[in-house]
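The values are calculated or read from the model by the stated rules, or taken from the named source; none is laboratory data. Everything numeric in this text was worked out from a predicted model, so none of it was measured. Note: ideal-geometry Cβ built from the backbone for every residue, glycine included; neighbour counts use all protein chains shown. Note: accessible area is taken over every heavy atom of the protein model, side chains too, but ligands, DNA and RNA are not part of it. Shrake-Rupley method; radii C 1.70, N 1.55, O 1.52, S 1.80 Å.
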Amino acid sequence: MLDVGGVELEFPCPRCGAAARGTIETVRFLPVIDCGCGERFGVCLETFAQRVSSAELAAKAARKARRRA
């Protein structure tokens, strides 16, 4: 498994709809996001797990592409 903890993901704020951001590492530790509008909301862990898997696959593909270059 690749370390993707520093990858930043966006989560839609349920209050204002803006994209609130959090790193994978931070959300793993505490699955709560603070939006700029002042709203604090929980992250759906199922969706989060899917997005982490996608980030890991993208990192793996990028690593493979660098090896070929």
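Being open to solvent by 40 Å² or more (accessible area, probe 1.4 Å), closer than 23 Å to ARG63 by Cβ and of a type in the set (Val, Ile, Thr) is a property that holds for VAL7.
Restricted to segment 49-66, and to residues there that are under 12 Å from LEU9 (Cβ atoms) and touching a residue at least 24 places away in the same chain (Cβ under 8 Å), the residue that is most open to solvent (accessible area, probe 1.4 Å) is ARG51.
On the given criteria, is PHE41 surrounded by 11 or more Cβ atoms within 10 Å (Cβ to Cβ) and in contact with a Pro (Cβ under 6 Å, 6 or more places away or on another chain)? Answer is yes for this residue. Inside segment 34-44, residues that are farther than 12 Å from GLU10 by Cα, modelled with pLDDT of 95 or more and outside any strand (DSSP E or B) make up a count of 4. Looking at ASP34, is it exposed (fewer than 13 other Cβ atoms within 10 Å of the Cβ) and of a type in the set (Asp, Glu)? No, not satisfied.
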